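Report on the structure given below.
The values are calculated or read from the model by the stated rules, or taken from the named source; none is laboratory data. Please read these numbers as outputs of a predicted model, since none were measured by experiment. Here the Cβ positions follow ideal geometry from the backbone for every residue, glycine too, while neighbour counts run over all protein chains shown. Calculation scope for accessible area: heavy atoms of the full protein, side chains included, ligands and nucleic acids excluded. Shrake-Rupley method; radii C 1.70, N 1.55, O 1.52, S 1.80 Å.
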Amino acid sequence: MDQSQRAPGGLIFYALVYLLFLYAPILLLPLFAFNDSAVIALPLSGFTLRWFDVLWDTTALHAALYNSLIIAATTSVLSTCLGILAARAAARYPIPGKRGIVGFIMVPLVLPEVIVGISLLVVLIQLGMSLSLWTVIMGHVLVCTPFSVAILGAAFNNMDASLEEASMDLGESALGTFRRIILPLAAPGILASMLVAFTISFDEFIIAFFLTGTDATLPVYIWSQLRFPARLPGMMALGFLMVLMSFALLLTAEYLRRRSSRLISGDEAEGASLFFDAASGMR
Amino acid sequence: MQAGRTVTRAVAVPMARDWRGLLLISPTLVYALTMLAAPLALLIIMSLWTQDVIEIRRTISLDNYRQVFTEPLYRVLMARSLLIAGVVTLVTVLLAYPIAYFVAFYGGKRRGMWLLLITIPFWTSYLVRIFLWKVILGYNGVLNSGLLGLGLIDQPLTFILYNANAVVITLAHAWAPFAILPLYVSLSRIDHSLLEAARDLGDGPVRRFLRITLPLSMPGLIAAVLIVFIPTVGDYVTPRLLGGTDGLMIANMIEVQFGKANNAPLGAALATSAMLIVASVALLFLWLNQRSLRRVG
């Protein structure tokens, strides 16, 4: 591709302003998290760590955090397993009606989450099941699986088929080949998928809002607190910590994804980001 | 793309009866069928039931749908949801196009970094992010303080919180990467020799854009429009936090019916109608697009 041209100045300026727009809320977060005032407004009054102390002393928050961690960890494992099966099948085997099947698995990407939440709620009510952490996990696995399929699809599609053939020719069984060749090669992709699913589930609100029983998840807890002005500075501090955690998880996932594309195809530039994989997966 | 690969594989592997792939994909497919298709089917069935005072009467009737399409409140909410989602889509895609263009054409080795920068904020603390727009747009908010401080305004702006404008701004922010990525994918696939050829043949930048770049990025543009429009019609959090009473949307009413109003069948009918309307708008959009492309082609 021709990279000799430089971008026009106006376009670069636009890109920077746009980035500022994208990051505006997140940049405000630390300002208010460390601001020594109970009101979330400018001008700032001074530095404090007391909102973090408040978080440390709120036990309801700890229970919600624990629930969210369990849900996110379980969701990341389950959706990655479902993702491995679907992505591998789609990359390697002829499947009658493949386009329709894969397309259907990807539908939760574009469906409003309210619809996913209430339709699951209706089923649970009709079956007389009570709401629990598991009902939230059911919904979260559904919305995280498409992301796993997209990320793993990129990993499996770029894989050199000759390695696999060599293994089979040397007398390894299909299962042995999968375990000894394919899984190790796809390992960074698998980890990336788990991290992304974890991040999505940990942050997901709507489905959890409809499907939690008495055990609130962290976003559901935050939602309940946003109504009380006195609780807002604490929520800013919490949001700040959550942003830091998500950044760490996502940067790790991106690093793994790059490693995986280098491992598999020897080309780091292939693909461009996790989200690129997800976006290509949508089509 | 999936379709192309299927075709070549089918030719290369003449074993027509190969069930391994179907077997391998079946757990994921079965999960999607039981957790999505079945619940959606039940939702549609439930929309035909009616709510008595205490229990649900399971006789089929179109009563809920008559309410959905005749009562002014529901019609207003439905129309407003479509209008807001439409404006959000327009704004988001228009703002996103130059960024996608910039990264695809001038990103160079830093493309990965740009895409990462663009997408990372959107995976983090969704609720707090939406809430912060309230802090930015409020009467004593960051924007008003800033503009007052700079002396650009002498009264705080009030048209940007607790109404549809606030919802549009916040949603346009929240859905930005979903518009940028499909646009980027199709823009980065454009063969630059076509643009060079056009330049050599004397086309100016505007003509080159209109006759080559824009048509070739159409698949990404269409994907971006649908990916932003469909979910935003059903957004719940943003109208609830920033919409005031004039900015509430259909998802808020659906939630009320399942919760406080205790009329799940009516809620189901509202949800089903919303899905049907959105699906038909999306299909109409695709059809219009195909027609216009055929005329150009």
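Quick look at the numbers
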{"read-out": "Between region A:58-131 and region B:68-145, the Cα center-to-center distance that results, in Å", "value": "25 Å"}
{"read-out": "Computed magnitude of the charge dipole of chain B (debye, nearest 20; Cβ of K, R +1, Cβ of D, E -1)", "value": "860 debye"}
{"read-out": "Mean projected area in nm² (Cα convex hull; one quarter of hull surface) for region B:64-296", "value": "16.6 nm²"}
{"read-out": "Kyte-Doolittle mean at least 1.0, axial Cα span of 20 Å or more - DSSP H helices of chain A", "value": "A:9-33, A:59-92, A:113-127, A:133-157, A:183-203"}
{"read-out": "Average beta-carbon neighbours from other chains, 10 Å sphere, peptide A:146-152", "value": "1"}
{"read-out": "Portion, in percent, of the accessible area of the protein assembly as shown that falls on carbon or sulfur, probe 1.4 Å", "value": "67 percent"}
{"read-out": "Burial ranking of peptide ranges A:197-205, B:53-61, B:41-49 (average Cβ count within 10 Å, highest at the top)", "value": "A:197-205, B:41-49, B:53-61"}
{"read-out": "Karplus-derived 3J(HN,Hα), 6.51/-1.76/1.60, for each residue of region B:142-154, Hz, glycine and proline x", "value": "4, 5, 5, 4, x, 5, 5, x, 7, x, 7, 9, 10"}
{"read-out": "Which of A:207, A:247, A:219, positive extreme of dipole for chain A (C-beta unit charges)", "value": "A:207"}
{"read-out": "Test item: A:101-113 mean partner chain Cβ contacts at 10 Å", "value": "6"}
{"read-out": "222 nm mean residue ellipticity, helices alone, for chain B (DSSP H n ≥ 4; -39,500 (n - 2.57); rounded to 500)", "value": "-22000 deg cm²/dmol"}
{"read-out": "Residue among A:140, B:49, B:149 farthest towards the positive dipole end of the protein assembly as shown, charges placed on Cβ", "value": "B:49"}
{"read-out": "Selection from B:120, B:243, B:286 lying farthest towards where the dipole of region B:64-296 points positive, charges on Cβ", "value": "B:286"}
{"read-out": "Region B:180-262 - convex hull of alpha carbons, volume per residue in Å³", "value": "112 Å³"}
{"read-out": "Chain B - percent relative contact order, Cα under 8 Å, separation 6 or more", "value": "25 percent"}
{"read-out": "Taking only Cα atoms of region B:92-163, radius of gyration then Dmax in Å", "value": "16.7, 46"}
{"read-out": "³J(HN,Hα), Karplus 6.51/-1.76/1.60, whole Hz, each residue of region B:188-203, x for Gly, Pro", "value": "6, 8, 5, 6, 5, 5, 5, 5, 5, 4, 4, 5, 4, 7, x, 7"}
{"read-out": "Normalised convex hull volume, region A:1-129, alpha-carbon set, Å³ per residue", "value": "272 Å³"}
{"read-out": "Cβ crowding within 10 Å averaged over residues, with B:91-100, A:143-152, A:79-88 ranked highest first", "value": "A:143-152, A:79-88, B:91-100"}
{"read-out": "Against the rule of thumb 2.2 N^0.38 Å, how large the Cα Rg of chain A comes out", "value": "1.18"}
{"read-out": "Set of aspartates and glutamates near residue A:98 by C-alpha distance (under 17 Å), chain-local residues within fewer than 8 positions excluded", "value": "B:18"}
{"read-out": "Whole-Hz couplings from phi, Karplus 6.51/-1.76/1.60, listed for region B:94-104; x for Gly and Pro", "value": "4, 6, 7, 4, x, 5, 4, 4, 4, 5, 5"}
{"read-out": "Most mobile of A:72, A:33, A:24 in a GNM of chain A (Cα contacts under 10 Å)", "value": "A:24"}
{"read-out": "Selected from B:63, B:203, B:235 as most flexible by GNM, with chain B as the system and alpha-carbon contacts under 10 Å", "value": "B:203"}
{"read-out": "20 Å-binned pair-distance histogram of the protein assembly as shown (Cα, whole percent)", "value": "19, 53, 26, 2, 0"}
{"read-out": "Inter-centroid distance (Cα atoms) of region B:250-297 relative to region A:165-231, Å", "value": "29 Å"}
{"read-out": "Ordering of A:110-117, A:183-190 by burial proxy (mean other Cβ atoms within 10 Å per residue, highest first)", "value": "A:110-117, A:183-190"}
{"read-out": "Helical mean residue ellipticity (222 nm; -39500 (n - 2.57) per DSSP H run of 4+; nearest 500) of chain A", "value": "-24000 deg cm²/dmol"}
{"read-out": "For residues of A:24-36, the mean tally of beta carbons on other chains within 10 Å", "value": "4"}
{"read-out": "GNM flexibility winner over chain A from A:129, A:194, A:242 (Cα, springs under 10 Å)", "value": "A:129"}
